[in-house]
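Enquirer: Below you'll find the structure I mean.
The values are calculated or read from the model by the stated rules, or taken from the named source; none is laboratory data. Here the structure is a predicted model, which is why all the values come from computation and not from measurement. Counting neighbours? That spans all protein chains shown, and the Cβs are built from the backbone with ideal geometry, glycine included.
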Amino acid sequence: MSKLWAMTVPYWRSADWKLAWLLSVIVIALNLALVGMNVLFNYWYNDFYNSLQNKDFAAFKYQLGKFAVLAFVYIVIAVYYLYLRQMLMIRWRRWLTENLLQRWLGNRVYYLLQLKDYGTDNPEQRIEQDINLYTQQTVAIAMGLLNSIVTLFSFMFILWTLSGPLSFVLGGMNITIPGYMLWVALIYALIGSVLTYWIGRPLVHTNFMQERFNANFRFGMSRLRENAESVAFYGGEADETRRLEGSFRDIWNNWYLYMRQTKRITWFTSFYGQAAVIFPFLVGAPRYFSGAIQLGGLMQINSAFSQVQGALSWFVDSFTTLADWKASVNRLVAFVDAIDYAQADAAQMARLSAHDRADNALVVDNLDVALPDGRLLLDDVDLTLLPEQRVMVSGPSGSGKTTLFRALAGLWPFGRGKVHLPKQANMLFLPQRPYLPIASLRDALTFPLGPGAFSREALIDALASVNLGHLVDRLDETDNWSMVLSGGEQQRLAIARAILVKPDWLFLDEGTSALDEANEEHIYRLLVERLPKASIISIAHRGGLARFHDRRLTLDPKSQRVSLSAIEAAA
């Protein structure tokens with residue numbers, strides 16, 4: 001409940017609080033105005049049907065004119081109630097989306113959620129779909145509940161007055177129940193609410209699982225699209241079809257469960273709703289046929305009874321929406337919990353690394369590097385890397401080379417010890433698979449600094465230096481470059497970034513693995529020439545690249561230690 005409160009209340013204390021409160025007050029006032037209009041319509045029913053029973057044409061024409069006025073006012077209120085309610089929902093959604101986006105992207109939580117199971121999945125669904133459902137349904141439920149409460153108290157007095165007493169003899173005793181139709185409506189709605197909850201409560205979990213299965217199916221298709229070329233080369237269509245069909249089978253099976261549960265509750269709510277149509281006439285008929293009330297009074301009783309019964313049956317009528325809302329709340333709360341847990345690991349990342357070396361050296365003290373499951377990869381690592389050194393990292397697959405890079409970058413929370421980073425140094429890490437945003441090639445080349453950071457001449461020179469001069473004419477073209485460019489072109493584009501940024505420390509995690517030997521040697525020669533003052537730390541497997549380095553850092557998986565040695569005849 002505290003998580004739900006934390007998601008709901010802060011918006012009304014945010015920078016948008018003035019408009020948030022103004023919209024809330026106006027929406028509530030219009031909601032109450034709609035209830036007031038229903039009360040006026042209830043009294044109109046009495047006068048209108050009495051004019052019909054009395055065959056009073058003048059009164060009939062007057063009531064038609066009165067109805068036109070009431071209907072016009074009602075329509076105006078209803079239109080602006082919907083419009084301003086939607087405005088409140090989208091502004092609240094925008095604030096909540098920005099808040100969760102900042103928390104998700106802050107402290108690299110989005111990255112940590114990929115490393116470890118924090119009890120949630122599909123963050124994009126939580127931020128886009130569940131926030132949308134949560135804000136829409138919360139406002140709708142709150143306004144519906146308020147409407148029902150005000151309607152209940154507004155029409156209780158009318159129903160009490162119109163229904164009169166019910167007298168009968170029971171066991172020789174004369175019993176009189178004042179306002180008997182009000183009590184009938186209360187009992188009718190109470191029985192309906194209890195039975196609805198009992199029949200429909202499994203829908204909450206079923207809705208939760210349906211959204212999870214839908215998200216998994218979408219993710220599977222997105223992942224196939226992102227890796228379309230690899231799947232095509234493998235001829236893996238049949239296997240991918242099997243996986244996607246299996247994913248959809250979960251949707252299918254859960255949907256049939258949802259159908260059965262919905263059918264059960266619809267049987268009851270439909271019977272309940274249809275009975276509510278005739279029920280007030282049955283309980284009001286004795287007074288009408290006894291002459292105590294006219295037709296207008298009977299119709300007014302029917303309207304008042306329906307309003308009271310409808311207000312009391314809010315839970316029955318809203319149960320499916322409440323089930324959807326509760327499922328959205330559960331998913332959002334799970335996502336917020338996952339962010340909180342990841343924040344704790346992010347704090348550990350901050351404790352492992354610090355920018356505190358005035359001499360621009362990179363020093364590792366007593367560092368233990370572990371996997372998310374706790375298994376130790378590297379034990380008690382002590383290491384000093386000096387400015388302008390070029391270090392080649394080697395070791396067998398699985399020895400922890402990439403994980404060590406993550407620890408040096410301050411991205412790895414699983415371990416102990418300390419990584420002391422240069423205080424003023426500009427550090428750049430190039431992974432094996434570069435990230436290329438769906439944007440112009442200029443944006444992709446200058447990511448994350450932005451297209452205005454460098455002149456067009458500098459961009460052209462950088463592309464030409466890495467043998468990508470053929471892309472110069474496409475600098476302003478927007479595309480999904482990770483799908484357009486080959487793996488080697490993507491890696492060379494990342495190297496061009498480094499040429500532009502001119503970092504003090506450059507880390508390459510197999511950043512040239514997709515290049516042929518000649519292009520790879522050209523890239524390393526280019527880095528040495530263009531970045532003569534940079535410290536270059538690279539994971540590379542081709543032995544010929546050793547000549548572009550002056551140190552070798554070797555990881556031994558058996559001892560879980562590292563060793564630093566000199567490389568003779570460095571370039």
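Enquirer: Could you identify the single residue in Asp117, Asp130, Asp121 that is on the phi < 0 side of the Ramachandran plot and buried (at least 19 other Cβ atoms within 10 Å of the Cβ)?
Expert: None of the other options fit; the residue is Asp130.
Enquirer: Working only within region 457-471, note down all residues that are more than 14 Å from Gln490 (Cα to Cα) and under 38 Å from the mean Cα position of the chain (by Cα).
Expert: Once the filter is applied, which keeps residues that are more than 14 Å from Gln490 (Cα to Cα) and under 38 Å from the mean Cα position of the chain (by Cα), region 457-471 yields only Leu459.
Enquirer: Being modelled with pLDDT under 75 and buried (at least 20 other Cβ atoms within 10 Å of the Cβ): is that true of Ser313 here?
Expert: Spelling it out, Ser313 is indeed modelled with pLDDT under 75 and buried (at least 20 other Cβ atoms within 10 Å of the Cβ).
Enquirer: List pairs: first in region 447-459 and touching a residue at least 24 places away in the same chain (Cβ under 8 Å) and within 15 Å of Ile499 (Cβ to Cβ), second acidic (Asp, Glu) and assigned to a loop (DSSP other than H, G, I, E, B), Cβ under 8 Å, 6+ apart or cross-chain?
Expert: No pair meets every condition.
Enquirer: Based on this model, can you work out whether Ser51 counts as touching a residue at least 12 places away in the same chain (Cβ under 8 Å), buried (at least 17 other Cβ atoms within 10 Å of the Cβ), under 22 Å from Thr161 (Cα atoms) and of a type in the set (S, T, N, Q)?
Expert: yes
Enquirer: Here's something else I'd like to know. Being among the small types (Gly, Ala, Ser), crowded, with 16+ Cβ neighbours inside 10 Å and over 44 Å from the mean Cα position of the chain (by Cα) narrows it down to one residue among Ala540, Ala546; which is it?
Expert: That would be Ala546, the only listed residue that is among the small types (Gly, Ala, Ser), crowded, with 16+ Cβ neighbours inside 10 Å and over 44 Å from the mean Cα position of the chain (by Cα).
Enquirer: Can you go through Val329, Val308 and tell me which one is farther than 27 Å from Met37 by Cβ and either crowded, with 18+ Cβ neighbours inside 10 Å or small (Gly, Ala, Ser) (or both)?
Expert: Working: Val308 fails: farther than 27 Å from Met37 by Cβ.
Selected residue: Val329, the only one of Val329, Val308 that is farther than 27 Å from Met37 by Cβ and either crowded, with 18+ Cβ neighbours inside 10 Å or small (Gly, Ala, Ser) (or both).
Enquirer: Now for a different question. Residues being surrounded by 16 or more Cβ atoms within 10 Å (Cβ to Cβ), assigned to a loop (DSSP other than H, G, I, E, B) and out of contact with any strand residue (DSSP E or B) (no Cβ under 8 Å at 6 or more places or on another chain): count how many of those fall in region 457-480.
Expert: 3
Enquirer: Taking Ile77 as the residue in question, decide whether it is touching a helix residue (DSSP H, G or I) at 6+ places or on another chain (Cβ under 6 Å), aliphatic (A, V, I, L, M) and surrounded by 14 or more Cβ atoms within 10 Å (Cβ to Cβ).
Expert: Yes; evaluated as a whole, the condition is true for this residue.
Enquirer: Taking Gln86 and the conditions (1) buried (at least 17 other Cβ atoms within 10 Å of the Cβ); (2) polar (S, T, N, Q); (3) in a helix (DSSP H, G or I), which numbered condition does it fall short on, given that it satisfies the others?
Expert: Unmet condition: (1).
Enquirer: Residues in region 50-74 that are of a type in the set (Val, Ile, Thr) and in contact with a helix residue (DSSP H, G or I) (Cβ under 7 Å, 6 or more places away or on another chain): how many?
Expert: Qualifying residue count for the region: 1.
Enquirer: I would also like to ask the following. Kindly indicate the residue of region 269-305 that is hydroxyl-bearing (Ser, Thr, Tyr) and farther than 24 Å from Leu145 by Cβ and also surrounded by the fewest Cβ atoms within 10 Å (Cβ to Cβ) among those meeting that condition.
Expert: Residues of region 269-305 hydroxyl-bearing (Ser, Thr, Tyr): 269-270, 272, 288, 290, 303.
Next, only the ones that are farther than 24 Å from Leu145 by Cβ stay: 288, 290.
On the way: Tyr288: 16, Ser290: 9.
Once the filter is applied, the top-ranked residue is Ser290.
Enquirer: I need the full set of residues from region 287-297 which are in a helix (DSSP H, G or I), in contact (Cβ under 8 Å) with a residue 24 or more places away in the chain and not small (Gly, Ala, Ser), in order please.
Expert: Pass one, region 287-297, residues in a helix (DSSP H, G or I): 287-289, 295-297.
Going one step further and asking which of them are in contact (Cβ under 8 Å) with a residue 24 or more places away in the chain, we end up with 287, 295-297.
Listed by number, the residues that qualify are Arg287, Leu295.
This table checks each residue for (1) under 23 Å from Asn216 (Cβ atoms); (2) modelled with pLDDT under 90; (3) part of a loop (DSSP other than H, G, I, E, B).
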{"residue": "Trp92", "(1), (2), (3)": "no, no, no"}
{"residue": "Leu96", "(1), (2), (3)": "no, no, no"}
{"residue": "Val109", "(1), (2), (3)": "yes, yes, no"}
{"residue": "Thr120", "(1), (2), (3)": "yes, yes, yes"}
{"residue": "Ile127", "(1), (2), (3)": "yes, yes, no"}
{"residue": "Asp130", "(1), (2), (3)": "yes, yes, no"}
{"residue": "Thr135", "(1), (2), (3)": "no, no, no"}
{"residue": "Asn147", "(1), (2), (3)": "no, yes, no"}
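Enquirer: Condition (residue is within 12 Å of the chain's Cα centre (by Cα) and of a type in the set (A, V, I, L, M)) applied to region 102-124: is it met by at least one residue?
Expert: Within region 102-124, none of the residues are within 12 Å of the chain's Cα centre (by Cα) and of a type in the set (A, V, I, L, M).
Enquirer: Quick one: in region 371-398, which of the residues that are more than 41 Å from the chain's Cα centre (by Cα) and of a type in the set (Val, Ile, Thr) is nearest to Asp509 (Cα to Cα)?
Expert: At the first step, the residues of region 371-398 found to be more than 41 Å from the chain's Cα centre (by Cα) are 382-392.
With of a type in the set (Val, Ile, Thr) added as a condition, the list becomes 384, 391.
Working: Thr384: 19, Val391: 12 Å.
Looking at the filtered set, the residue picked out is Val391.
Enquirer: Hand me the list of strands (runs of 3 or more DSSP E) wholly inside region 306-422 holding 2 or more residues that are basic (Lys, Arg).
Expert: Strands (runs of 3 or more DSSP E) meeting the threshold: 415-422.
Enquirer: Moving to a separate point now. Since Glu520 meets every condition but one in (1) crowded, with 17+ Cβ neighbours inside 10 Å; (2) out of contact with any Gly (no Cβ under 6 Å at 6 or more places or on another chain); (3) closer than 30 Å to Val393 by Cβ; (4) touching a residue at least 40 places away in the same chain (Cβ under 8 Å), which condition does it not meet?
Expert: Looking at each condition in turn, Glu520 falls short on (4).
Enquirer: Sticking with this one: Just wondering, is there one or more residues in region 17-25 that are farther than 24 Å from Met143 by Cβ and small (Gly, Ala, Ser)?
Expert: As a first pass, look at region 17-25 and keep what is farther than 24 Å from Met143 by Cβ: none.
No: zero hits.
Enquirer: Return the residue satisfying two criteria in turn: it lies in region 50-66 and is of a type in the set (A, V, I, L, M) and under 58 Å from the mean Cα position of the chain (by Cα), and of such residues it is modelled with the lowest pLDDT.
Expert: Leu52
Enquirer: Which residue pairs have Cβ atoms closer than 6 Å, lie 6 or more positions apart in sequence or on different chains, and pair a first residue in region 415-440 that is touching a residue at least 12 places away in the same chain (Cβ under 8 Å) with a second residue that is of a type in the set (Phe, Trp, Tyr) and loosely packed, with under 14 Cβ neighbours inside 10 Å?
Expert: none
Enquirer: Checking Thr512 against (1) buried (at least 22 other Cβ atoms within 10 Å of the Cβ); (2) not in a loop (DSSP other than H, G, I, E, B), which test does it fail?
Expert: Failed condition: (2).
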